[in-house]
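Take a look at the structure below.
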Amino acid sequence: MRALPAVREAADLVKLAHTVFALPFALIAALAAARGLPPWPVVGWIVLAMAGARTAAMAFNRLADHSLDAANPRTAARALPAGRLRPPFARVLVAGGAAALFFAAWRLNPLCLALSPFALAWVLGYSYSKRFTVLSHLWLGLGLGIAPVGAWLAVRGAFALAPVVLAVAVTAWVAGFDVLYALQDEAFDRAAGLHSLPARWGAGRAIAAARALHAVAGLAFASFAWMIGAGWGLWLGVAAAAALLVWQHSLVAPGCLGRLDTAFFTANGALSLLMFALYLLDMMVRA
């Protein structure tokens, strides 16, 4: 395989573009913890830790779901089941991602290093959660939700309540849109014995659960902004997030999944980036 196509396949394997979901919230937490711009080396190590954890988690997920992906018409064309990449390559990505996470955590502080194996175990464990629990969506959500807590610890080296509230917001937000994303595999998951909410409850009740989760997310985003005494930037970001969540749900209904990609990637990617960009702008204006 030539180098450039291999890089493209690897980036698609780990869904590199989906880093946009969690990384902005890690950076928001870092800004809040530093009450301004953190030192650039700290930011760099946070980004490396995030990239490493995500690479390891996604490559491990593709390995764990290899046979399921091959059996699912929606995912059969992915690189591993289609044979464009081989499992040993994915294992190298898992090992490399884990090493990057541990190295970055070591460079940050002893607490981050001590907690990094538990964070890695959680995000890797998600890959098997849908086999035995309907709470797999929340498992995934918490896998991304721990990112702002980790970033706060990277800056301050101590726990606080505010990043935990932000983690609740991210967990509920991710779990909600993961429920919506699972709508397209409702029939397959049910036939394969997988425990997604759409497979267990049906599309209508699953969408209602996603709406409830996103209501919790909106309240938790607002609570975080209040707790840190945020200025206009983050409050505007919270308002934009609420609008994007409402818009996201307007695009999806039982039996109407034609705009699911827009609801999943466009709305959620815009939500995280807008909240971070507006908060950063506010910080820079006030500096």
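Quick note: the coordinates plus some simple rules give every number you see, no bench work behind them. As the structure is a computational prediction, the values presented were derived from the model and not from experiment. Using ideal geometry, Cβ is built from the backbone for each residue, glycine included, and neighbour counts are taken over all protein chains shown.
Considering only A34, A56, T133, and ranking their Cα positions along the charge dipole of the range 3-286 that arises from unit charges at the beta-carbon of Lys, Arg, Asp and Glu, the one farthest toward the positive end is A56. Simple point charges give the picture: +1 on the Cβ of Lys and Arg, -1 on the Cβ of Asp and Glu, and for the range 184-287 a dipole about the Cα centre of about 180 debye. Extents of the range 3-286, largest first, come to 53, 41, 34 Å (Cα atoms, principal axes, whole angstrom). In sequence order, the range 133-148 has phi-based couplings of 8, 6, 7, 4, 5, 5, 4, 4, x, 5, x, 8, x, 6, 4, x Hz under the Karplus curve 6.51 cos²θ - 1.76 cosθ + 1.60, θ = phi - 60°, and Gly or Pro positions carry x.
Charges were assigned to the Cβ only: +1 to each Lys and Arg, -1 to each Asp and Glu. The resulting dipole of the range 129-224 about its Cα centre is roughly 140 debye.
Given +1 at the Cβ of Lys and Arg, -1 at the Cβ of Asp and Glu and no other charges, the dipole of the range 3-286 around its Cα centre is 240 debye to the nearest 20. Residues L281, L194, arranged from fewest to most other Cβ atoms within 10 angstrom of their Cβ, appear as L281, L194. 3J(HN,Hα) couplings calculated from phi for the range 211-221 with the Karplus curve 6.51 cos²θ - 1.76 cosθ + 1.60 (θ = phi - 60°) are, in sequence order, 5, 5, 4, 6, 5, 4, 4, x, 5, 6, 4 Hz; Gly and Pro show x. Computed extension gain for Y128 through A187, at 0.36 nm per residue and net of the alpha carbon distance, reaches 19.4 nm.
Put in order of Cβ neighbour count within 10 Å, fewest first, the listed residues Y279, Y128, Y181 become Y128, Y181, Y279. Ranking A77, L113, V246 by how far each Cα lies toward the positive end of the dipole of the range 3-286 (charges on Cβ) leaves L113 at the top. Among L68, L80, the ranking by other beta carbons within 10 Å of each residue's beta carbon, starting with the fewest, stands as L68, L80.
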